[in-house]
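Here the structure comes first, spelled out in structure tokens, and everything after it is commentary.
The values are calculated or read from the model by the stated rules, or taken from the named source; none is laboratory data. Bear in mind the structure is a predicted one, so any value in this text is a computation, not a measurement. Here Cβ is always computed from backbone atoms with ideal geometry, including for glycine, and neighbour counts include all displayed protein chains. Side chains are part of the model used for accessible areas, which takes the heavy atoms of the whole protein and leaves out ligands, DNA and RNA. Shrake-Rupley method; radii C 1.70, N 1.55, O 1.52, S 1.80 Å.
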Amino acid sequence: PPANAGPAPDGGWGWVVVFGAFISIGFAYAFPKGIAIFFKEIQDFFGTSYGEIAWVSSIMLATTYGAGPISSILVNRYGSRPVVIFGGLLCGIGMVSASFCTSILQLYICVGFITGFGLALNLQPSVIIIGKYFLKRRPIANGLAMAGSPVMLCTLAPLNQFLFDNFGWRGSFLILGAILLNCCVAGALFRPIGAPTASVKTQATEEGKDALKEEVTKDAVEMGSPTSVPMETKMEEEGGEDCCEKINQYLDFSLFKHRGFLIYLIGNVLMFLGFFAPIVFLAPYAKHIGIDEYSAAFLLSILAIVDMIARPTTGIIANSKWVRPRIQYFFSFAIAFNGTCHLLCPLASGYTGLVVYSVFFGLAFGMVCAMLFETLMDLVGAVRFTSAVGLVTIAECCTILLGPPIGGTLIDTFGDYKYMFIKCGAVMVLAGTFLFIMNYYNYRMLAKEEKERKAKEEDPKSVRTENEGKNNWNKETAQDGPELEPLRAEQEGLKKEMNGT
């Protein structure tokens with residue numbers, strides 16, 4: 001790295017940066033879930049259906065997830081600080097203008113698109129800047145910043161209810177707009193390191209190349225976001241390439257020929273149909289069966305507290321020597337466990353039943369979030385990880401967008417919440433089962449290919465190529481795509497020569 005860009009300090013001002021990231025990441029994740037508290041009242045106010053009101057959360061979530069690439073490009077260009085401050089301003093403007101809305105369509109635009117885009121501009125830069133301030137302690141720093149998500153959800157749910165009781169939903173939106181302006185303060189803490197972004201980028205590239213594999217594996221355990229890891233690694237790898245190259249590098253379409261990736265993609269897209277809807281409808285459901293508002297809001301806090309404990313615990317379990325080689329099975333189990341919770345939810349009568357449901361849902365939710373990236377990395381390898389997450393996120397946007405409105409439509413049609421929970425449960429159990437069976441098949445195929453390779457090498461004349469074969473096999477498993485075809489053909493040819501054919 002150039003002399004004027006100092007190395008990652010691993011402390012000092014870095015901890016202030018972590019605090020800023022804690023705030024902005026917390027808002028980015030918790031806000032779309034916490035806002036569900038107002039849905040029942042807004043729905044009565046505008047006289048709309050559940051299906052229509054659920055689009056507010058959906059559009060917000062999908063915009064936050066989908067605008068990741070735009071956010072990263074902006075950070076590349078202008079650095080983290082201005083992007084986060086601008087994002088905070090957008091969030092504030094979106095919520096303040098939402099308090100003057102006179103139709104549900106205006107809410108979609110103000111809360112869904114404007115605030116959602118503001119939150120996306122808060123999320124990526126926060127993760128990226130932690131990567132610049134920390135090297136050795138990065139997993140700890142990332143873990144602390146990511147804890148912002150459940151902590152904020154704990155606080156936002158009861159706070160939103162309190163605001164609503166005192167100021168109505170319009171007043172609450174005004175105040176929430178003002179609270180979201182704190183993201184600008186968080187952004188102001190993101191002091192650029194050493195030289196302007198260009199040299200920091202070079203430095204990040206140098207450090208990133210070595211730390212990439214290890215760092216992503218460690219971080220991914222603690223991450224709850226589909227875009228946070230890739231943005232950081234993407235930054236490090238991109239340097240100053242032009243736009244077309246960026247798109248090519250961000251989306252490596254040869255992954256669609258990769259068996260493991262396709263299994264993961266289909267399973268995940270299916271899973272997201274039922275992943276967010278239960279969180280969005282938990283508080284309205286509690287109010288619907290006659291539970292008071294504060295207790296209903298407290299259910300989200302319980303869920304968040306359990307989620308907070310579940311994520312690091314799952315990370316530790318998934319990293320153990322028994323689970324690590326078969327992490328795909330553990331992931332499938334977590335998804336199916338999630339679905340089972342939703343299927344059993346309609347049986348929960350009264351408040352105690354819902355508290356039990358929230359505890360189990362929090363546990364299942366945390367387990368899935370903790371392993372979301374770890375499993376993808378396990379399948380495609382570190383080299384193609386950035387690309388893979390880009391493709392997965394874009395595919396997931398559609399089902400994240402559709403999940404809650406489909407749930408809302410079911411509630412409108414049957415006038416009962418249980419069908420929404422059953423739909424989410426069934427979809428997730430199906431996704432978990434699919435992943436389990438297909439990964440079993442994938443492990444079998446990989447073992448078979450390994451066996452064939454060994455049989456070929458057992459010929460005494462081919463001893464010399466054994467090491468080379470091993471290296472190539474490692475490369476193949478890391479990036480099993482068409483770009484290696486020539487290499488593989490060459491290797492086959494070499495083996496044939498050695499075997500005297």
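Taking the listed residues Ile114, Ile70, Ile93, the one that is over 30 Å from Asp292 (Cβ atoms), open to solvent by 10 Å² or more (accessible area, probe 1.4 Å), in contact with a Gly (Cβ under 7 Å, 6 or more places away or on another chain) and in the same structural domain as Leu163 (by the TED database) is Ile114, with no other qualifying. Of note, Ala370 does not satisfy the criterion of being in contact (Cβ under 8 Å) with a residue 60 or more places away in the chain, in contact with a Leu (Cβ under 6 Å, 6 or more places away or on another chain) and part of a helix (DSSP H, G or I).
Suppose the filter is assigned to a helix (DSSP H, G or I) and either modelled with pLDDT of 80 or more or within 28 Å of Ala145 (Cα to Cα) (or both); does Thr63 pass it? In short, yes. Of everything in region 398-413 that is among the β-branched types (Val, Ile, Thr) and open to solvent by less than 10 Å² (accessible area, probe 1.4 Å), the residue that is nearest to the chain's Cα centre (by Cα) is Ile400. Among residues that are free of Cβ contacts under 8 Å to residues at least 12 places away in the same chain, within 26 Å of Phe365 (Cβ to Cβ) and open to solvent by less than 80 Å² (accessible area, probe 1.4 Å), Asp416 is included. Restricting Ala382, Ala395, Ala388 to residues that are touching a Lys or Arg at 6+ places or on another chain (Cβ under 7 Å), at pLDDT below 85 and either open to solvent by less than 60 Å² (accessible area, probe 1.4 Å) or part of a helix (DSSP H, G or I) (or both) narrows the list to Ala382.
Among the residues of region 319-334, the one identified as at pLDDT 75 or above and among the β-branched types (Val, Ile, Thr) is Ile327.
Condition check ((1) over 20 Å from the mean Cα position of the chain (by Cα); (2) open to solvent by 30 Å² or more (accessible area, probe 1.4 Å); (3) at pLDDT below 85) across all residues:
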{"site": "Leu262", "(1), (2), (3)": "no, yes, no"}
{"site": "Ile279", "(1), (2), (3)": "no, no, yes"}
{"site": "Tyr294", "(1), (2), (3)": "yes, yes, yes"}
{"site": "Ile317", "(1), (2), (3)": "no, yes, yes"}
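A quick yes/no check of all residues on (1) buried (at least 18 other Cβ atoms within 10 Å of the Cβ); (2) of a type in the set (Val, Ile, Thr); (3) in the same structural domain as Lys33 (by the TED database):
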site: Ile289; (1), (2), (3): no, yes, no
site: Ala297; (1), (2), (3): yes, no, no
site: Ser320; (1), (2), (3): no, no, no
site: Ala334; (1), (2), (3): yes, no, no
site: Cys345; (1), (2), (3): yes, no, no
site: Leu354; (1), (2), (3): yes, no, no
site: Val368; (1), (2), (3): yes, yes, no
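Scan region 45-60 for residues that are charged (D, E, K, R) and modelled with pLDDT of 85 or more and the total you get is 0.
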